[in-house]
Structure formats: structure tokens, C-alpha cells
Amino acid sequence: QVQLVESGGGLVQPGGSLTLSCAASGRSSSAYVMGWYRQAPGKQRELVAIIDSSGTTNYADSVKGRFTISRDNAKNTVYLQMNTLKPEDTAVYYCNARFLVAIFWGQGTQVTVSS
């Protein structure tokens with residue numbers, strides 16, 4: 001069992017930056033594929049970025065070049081650095097951990113991009 005706790009969300013102006021953190025507890029997450037998803041009001045949850053145990057990353061086209069996912073296995077933490085934020089990035093951001101058939105979700109953190 002893995003518990004995921006996100007932090008770092010908030011209100012930011014367009015063009016600004018935020019860094020989200022996801023701390024995993026319960027067992028080591030180093031073998032897990034870790035990801036960030038987001039869900040805007042009235043829309044389905046969508047993949048933002050994922051990083052596997054070797055550090056290979058993949059991003060949604062909408063965030064390529066602006067967002068960076070990284071992980072610190074010693075701290076059991078995954079990060080999402082978000083730059084050049086746009087109003088359409090406004091959503092609840094969820095941390096996700098996957099290993100074989102096991103999938104875990106955090107409770108989510110709100111990111112609002114508005115002037």
C-alpha cells in the first residue's frame with residue numbers, strides 16, 4: 001500500500017510558475033511509475049506527465065516544454081515544475097503511482113491560473 005500526499009498548489013498569474021510535490025509513504029516508491037494527472041471542471045481527468053523507475057519521462061503535448069516531472073527516490077517524492085502557466089492549466093492536479101496492477105492516487109491539489 002502506498003499513500004500519496006500532494007502539496008504546492010495555489011493561485012498564480014498567467015506566465016507564472018509553481019512546483020507541485022507528491023510525497024509517497026507506506027513503502028518505497030522507487031519501482032513505481034509515478035505520474036501527474038489533472039482534472040478541470042466539467043472535463044475528464046487527463047495525463048500531464050509520467051516518469052518511470054529509470055527516469056524516463058513522457059508529457060502531454062499541451063505541457064511539453066513548460067512542465068518538468070522529476071523524482072527523488074531517496075525522499076520518495078515526485079515533483080512537477082510548471083512554468084509559463086496558462087489559464088487552461090487550471091485544474092485539480094493528482095499524483096498517481098503504478099506498479100503492476102496496483103494503482104494509487106493522492107487527494108489532489110488545486111492549481112488556479114488567473115489574473
I want to confirm something. Restricting to segment 17-30 and keeping residues that are under 13 Å from Thr77 (Cβ atoms) and not in a strand (DSSP E or B), which single residue is modelled with the highest pLDDT? Ser30
Failed condition for Leu100, given (1) modelled with pLDDT under 95; (2) among the aliphatic types (A, V, I, L, M); (3) under 15 Å from Gly8 (Cβ atoms): (3)
Counting only residues in segment 80-95 that are in a strand (DSSP E or B) and not β-branched (Val, Ile, Thr), the one most open to solvent (accessible area, probe 1.4 Å) is identified as Gln81
Counting only residues that are more than 18 Å from Pro87 (Cβ to Cβ) and of a type in the set (D, E, K, R), which one in segment 15-63 is least open to solvent (accessible area, probe 1.4 Å)? Asp52
Which numbered condition Ser115 misses (of (1) hydroxyl-bearing (Ser, Thr, Tyr); (2) open to solvent by less than 70 Å² (accessible area, probe 1.4 Å); (3) in contact (Cβ under 8 Å) with a residue 40 or more places away in the chain): (2)
Collect the residues in segment 96-112 that are open to solvent by 70 Å² or more (accessible area, probe 1.4 Å), assigned to a strand (DSSP E or B) and not β-branched (Val, Ile, Thr), keeping them in residue-number order. Arg98, Phe99, Trp105, Gln110
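Let's see how each residue does on (1) part of a loop (DSSP other than H, G, I, E, B); (2) more than 20 Å from Ala102 (Cβ to Cβ):
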position: Gly15; (1), (2): yes, yes
position: Ser54; (1), (2): yes, no
position: Asp61; (1), (2): yes, yes
position: Ser70; (1), (2): no, yes
If we keep just the residues of segment 52-93 that are among the basic types (Lys, Arg) and within 15 Å of the chain's Cα centre (by Cα), which is modelled with the lowest pLDDT? Arg71
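The values are calculated or read from the model by the stated rules, or taken from the named source; none is laboratory data. Keep in mind it's a predicted model, so treat the numbers as computed, not measured. Reconstructed Cβ throughout: ideal geometry from the backbone, glycine too, with neighbour counts over all protein chains shown. In case anyone asks, the SASA skips ligands and DNA or RNA and just uses the protein heavy atoms, side chains included. Shrake-Rupley method; radii C 1.70, N 1.55, O 1.52, S 1.80 Å.
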